[in-house]
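Every number here is computed from the coordinates shown, using simple stated rules; none is lab data. In this text, all values refer to a predicted model and were calculated from it rather than measured experimentally. Cβ coordinates were reconstructed from backbone atoms using ideal geometry, including for glycine residues, and neighbour counts include every protein chain displayed.
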Amino acid sequence: AKDVGKNNYQVFEAGMNIAVERRHRISRNLALAIGRTELTLAYQPKVAIASGGIVGVEALARWHDRELGIIGPEEFIPIAEDTGLILSLGEWVLCEACTQMKRWEAQGEERLQGISVNVSTYQLNHQNFVEVVKGVLEKTGLEAGRLELEVTESAVMQNPERACAILTELHQLGVKIAIDDFGTGYSNLSQLKRFPIDYLKIDQSFISGIATDIQNAALVKTIVAMAYNLNLEVIVEGVETEEQLAFVKNLGAHMYQGYLCSEPLSVEEFQQFLGRTGEK
Ligand code: C2E
Ligand code: CA
Ligand code: CA
Ligand code: CA
């Protein structure tokens with residue numbers, strides 16, 4: 001029994017090495033994947049709750065590595081942030097999303113008012129972020145008002161002064177700003193009042209049990225009511241059932257995303273989805 005502690009430590013150490021090794025591989029392979037076909041965007045429709053019509057789309061990064069298989073953004077985005085790779089990855093995502101939005105416009109697709117792109121903390125705080133966005137809009141020819149940037153509450157709160165200045169500059173260009181994962185951070189709406197925000201996205205963790213969880217329901221109700229006061233539109237994430245939809249509709253939320261309408265789709269699948277839902 002004397003060796004148990006030692007053995008446990010060896011198991012622990014081996015586990016650590018595997019985790020470290022995986023991170024190394026991910027950052028190395030991800031660096032090579034940017035700009036190649038291994039890295040793609042998935043598109044999830046955004047639905048207006050009152051009409052049930054599609055009004056927008058969010059672009060979400062997808063990665064299929066030859067060696068490691070499919071790796072989700074919840075795993076590779078944090079690694080990309082730690083290594084600074086997020087700058088080139090983020091610029092690629094922006095460029096790809098804006099290019100795709102232009103294609104849909106060229107097809108005469110009038111339902112999509114804009115495309116949403118996620119922006120990480122590191123990107124937002126990087127000195128030339130505004131220039132990167134401007135550059136992408138110029139290069140792709142997308143009108144600024146068709147681009148929505150989603151920044152998390154925690155990204156904004158890390159350095160509120162700076163975030164406010166940057167978001168204001170972007171907003172003056174015409175770019176729309178959404179606060180993502182709202183409700184999970186420590187800010188409140190009064191702190192966000194001075195920020196140039198167009199949309200609040202309520203985190204999906206509040207929606208899953210909304211029809212039965214009184215606390216979550218009350219919280220969502222409060223957020224929607226305050227958003228109305230501040231002239232913000234509310235997008236609810238992670239709506240999976242008709243019951244949840246009826247609930248958030250009743251609270252006055254404007255838009256939703258979620259499996260009830262569609263999971264994020266490849267560009268081909270999204271095209272089919274537009275065709276299917278466009279039939280009269
Ligand atoms: P997010 O921006 O909050 O995106 C919503 C996530 O919820 C997506 O996961 C989406 O697939 C998932 N989702 C959508 N509808 C439902 C639903 O009804 N039920 C459930 N359970 N989930 C739903 P995904 O694509 O795995 O992305 C995870 C996170 O990774 C994103 O959360 C975002 O924070 C980050 N991410 C993804 N792509 C990018 C990117 O291009 N740049 C940056 N910086 N972050 C990204
Ligand atoms: Ca998002
Ligand atoms: Ca979110
Ligand atoms: Ca999230």
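Brief remarks on what is shown
- The trypsin sites (Lys or Arg not before Pro) of segment 177-235 meeting both criteria, a DSSP state outside H, G, I, E and B (loop) and at most 10 other C-beta atoms within 10 angstrom of the site's C-beta, are R194.
- Farthest toward positive dipole pole in the chain [+1 Lys/Arg, -1 Asp/Glu at C-beta], among G69, A165, T277: A165
- Net dipole in debye of segment 108-223 [+1 Lys, Arg Cβ; -1 Asp, Glu Cβ; about Cα centre; nearest 20]: 200 debye
- For the chain, size of Cβ-based charge dipole, Lys and Arg +1, Asp and Glu -1, in debye: 220 debye
- Approximating the spin labels as points 7 Å out from Cα along Cα→Cβ, the E110-to-M157 distance works out to 4.2 nm.
- Computed about its Cα centre, the charge dipole of segment 1-117 is approximately 200 debye, with only Lys, Arg, Asp and Glu carrying charge at their Cβ.
- The Cα center of segment 98-119 and the Cα center of segment 128-183 differ in position by 17 Å.
- Segment 209-270: GluC sites (Glu not before Pro) in DSSP loop, at most 16 other beta carbons within 10 Å: E240
- Using alpha-carbon coordinates, inclination of helix 86-106 to the longest axis of the chain, degrees: 30 degrees
- Rounded tilt (10° steps) of 4-33 against the dominant C-alpha axis of the chain: 50 degrees
- Pairs beyond 22 Å (Cα-Cα), from K46/K249; K46/K139; K102/K249; K46/K193; K46/K221: K46/K139; K102/K249; K46/K193
- FRET efficiency for K102 and N7, using Cβ-Cβ distance with R0 set to 45 Å, rounded to 0.05: 0.15
- Estimated from the Cβ-Cβ distance and a Förster radius of 35 angstrom, the FRET efficiency linking H64 and K139 is about 0.85.
- Annotation for Q271 and Q191: the two label points, set 7 Å from Cα along the Cα-Cβ direction, are 4.4 nm apart.
- Within segment 235-271, backbone nitrogen closer than 12 Å to the virtual label 7 Å beyond the Cα of Y228 toward Cβ: 250-254
- Exposed loop sites here are chymotrypsin sites (Phe, Trp or Tyr not before Pro) assigned a DSSP state other than H, G, I, E or B and surrounded by at most 14 other beta carbons within 10 Å; excluding them, the longest clear run of the chain is 1-185.
- Of the residues A14, A218, A61, the one that moves most in a GNM of the chain with alpha-carbon contacts below 10 Å is A14.
- When Rg and the Kirkwood Rh are both derived from Cα coordinates, the Rg/Rh ratio for segment 21-93 amounts to 1.10.
- Computed over segment 95-243, the range of Cα coordinates on each principal axis works out to 48, 38, 25 Å, biggest value leading.
- Per-selection metrics, the chain (Cα): Rg and Dmax in Å: 20.4, 75
- Each of G15, I86, P45 was scored by the projection of its Cα onto the charge dipole of the chain, and the greatest displacement toward the positive side belongs to I86; charges sit on the C-beta of Lys, Arg, Asp and Glu.
- Length added when fully stretched, Q215-R22, from 0.36 nm per residue minus Cα-Cα: 65.6 nm
- Total formal charge among the other residues, if their Cβ is under 15 angstrom from that of G209, Lys/Arg +1 and Asp/Glu -1: -4
- Between 0 and 90°, nearest 10: helix 214-229 axis offset from the chain longest Cα axis: 50 degrees
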